[in-house]
Structure formats: structure tokens, C-alpha cells
1. Quick check: residue separation of residue 27 and residue 130 times 0.36 nm, minus the Cα distance between them. What number comes out in nm?
2. Could you do me a favour and compute the accessible area per residue for the range 52-186, 1.4 Å probe, result in Å²?
3. Determine the order of 42, 97 by accessible area, beginning with the largest, at a probe radius of 1.4 Å.
4. Helix-only mean residue ellipticity at 222 nm, the chain, DSSP H runs n ≥ 4 weighted -39,500 (n - 2.57), per residue, nearest 500. What is it?
5. Relative contact order for the chain: what percent, with Cα pairs under 8 Å and sequence separation of 6 or more?
6. In straight Cα distance, which aspartates and glutamates are under 14 Å from residue 96, not counting same-chain residues fewer than 8 positions off?
7. Per the 1.4 Å probe, what fraction of the accessible area of the chain, in percent, lies on carbon and sulfur atoms?
8. What's the FRET efficiency of residue 14 with residue 63 using the Cβ-Cβ distance as r and R₀ = 35 Å, to the nearest 0.05?
Amino acid sequence: GSYPSRLALELKKQFPTHTFNVLNRGANGEEVPDMLKRFDTVIADKPDLVLWQLGTNSLIRDHALGDKGANIRAGIDKIRAIGSDVVLIDPQFAPKVIAKPRAEEMVAFIAATAKRENVQLFRRYAVMKRWKEVNRLPFETFVSSDGLHHNDWSYACMAKGLGMAIAEAAQRPVMSAAAEYPRHAP
């Protein structure tokens with residue numbers, strides 16, 4: 001019931017004539033430096049797209065990303081070096097995360113890093129916050145009993161949202177450098 005297995009189904013719905021191989025290379029409890037140590041095994045499969053969830057474990061351990069995003073940039077550079085696209089996924093809006101005073105700061109930091117590095121961002125925090133504050137859903141509707149992880153319902157929603165976002169991005173016209181920066185005659 002995790003979102004990677006459900007994402008594969010969502011992508012198949014969006015692109016019925018294509019084949020997708022969605023690999024889950026996440027490891028529980030890792031922070032960005034730990035993830036970087038494993039990135040060579042992640043990119044060895046030469047993925048077309050890497051969905052990179054980050055920030056939650058650092059938050060719940062009260063660890064700041066003190067490197068000003070250098071490790072995130074290093075990860076993005078490794079992904080781009082093999083021609084893959086990357087989508088950053090910010091922390092979940094869950095009791096154990098929002099109890100931390102720097103939660104909003106981490107979310108803003110990841111958003112700023114995504115913008116600066118010109119990569120896409122899946123705003124999981126904002127989606128889940130909307131469920132709680134606008135839709136008035138109790139946490140039990142979308143967070144497991146540990147107060148941190150998704151439950152089946154929110155994994156399904158996350159997979160659907162990611163699937164739709166990927167489909168939308170894949171169908172956007174690609175602009176060439178010439179179209180983006182037309183040459184002007186002297």
C-alpha cells in the first residue's frame with residue numbers, strides 16, 4: 001500500500017500504452033548526508049525521474065540543514081549528471097513534524113532550494129496541511145498511529161497527486177533554448 005506501488009498504477013492509468021518501473025530506493029530514518037552515500041546505487045538504474053523525499057528525519061531529530069543546501073545540490077547534480085529529472089518532496093504535515101519549531105522553516109528552505117536549483121517540488125506539506133486546516137480532516141484520516149507516516153488513504157492520495165503532476169509535466173511542450181532566448185538581429 002505504499003505510494004511507489006500505487007504510483008506505478010497511477011502512471012499506467014495516465015499512460016496506458018507505456019511501461020513503468022517504479023523502484024523504491026528509500027531507506028527509513030535517513031537524512032540527506034546518508035542518502036547521498038547511497039545515491040550511486042540509486043542512479044545506477046539510470047532512472048528517468050527521481051522523487052526525492054527529504055527534510056523529515058532532520059526535523060524530527062532537531063538537525064538543521066547547516067550546509068546551506070550543499071548536500072541537496074550535490075544530490076541534484078548527481079541525478080542530473082545521468083540525464084534524469086528530479087522532484088523534491090518536502091516533509092509531511094503530521095503531528096511529529098509540526099511539533100518541531102523549525103518545521104515551516106524547513107519547508108520554506110526546501111522550496112527555496114528547489115526554485116534556486118530549477119527542479120520541481122511536490123508540496124506534500126501544503127497538501128496535508130490543507131486536509132487538516134481547510135478540509136478539517138482529523139490526523140487519523142491521513143496519518144498512521146505513529147503520528148508521522150502516511151496511512152493507506154494518504155499514500156493513495158499522494159500517488160494520485162504525483163501521478164497527475166508527472167502526467168501534466170510530461171505533456172507540456174518542451175521549449176528549446178532558441179525559443180526561450182530568441183536571437184536578436186544587430
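1. Details: separation 103, 0.36 × 103 = 37.08 nm, distance 2.72 nm.
Going from the current span to full extension adds 34.4 nm.
2. 58
3. Accessible-area ranking of 42, 97, largest first: 42, 97.
4. Result for the chain: -15500 deg cm²/dmol, rounded to the nearest 500.
5. Once divided by the residue count of the chain, the mean separation gives 26 percent.
6. Output for residue 96: 62, 104, 140, 146.
7. Carbon and sulfur: 54 percent of the exposed surface of the chain.
8. 0.45
The values are calculated or read from the model by the stated rules, or taken from the named source; none is laboratory data. All figures in this text were calculated on a predicted structure; none of them were measured in a lab. No Cβ is skipped: glycine too gets one built from the backbone with ideal geometry, and neighbour counts run over all protein chains shown. Remember, those area values only see protein heavy atoms, side chains included, never the ligands or the DNA or RNA. Shrake-Rupley method; radii C 1.70, N 1.55, O 1.52, S 1.80 Å.
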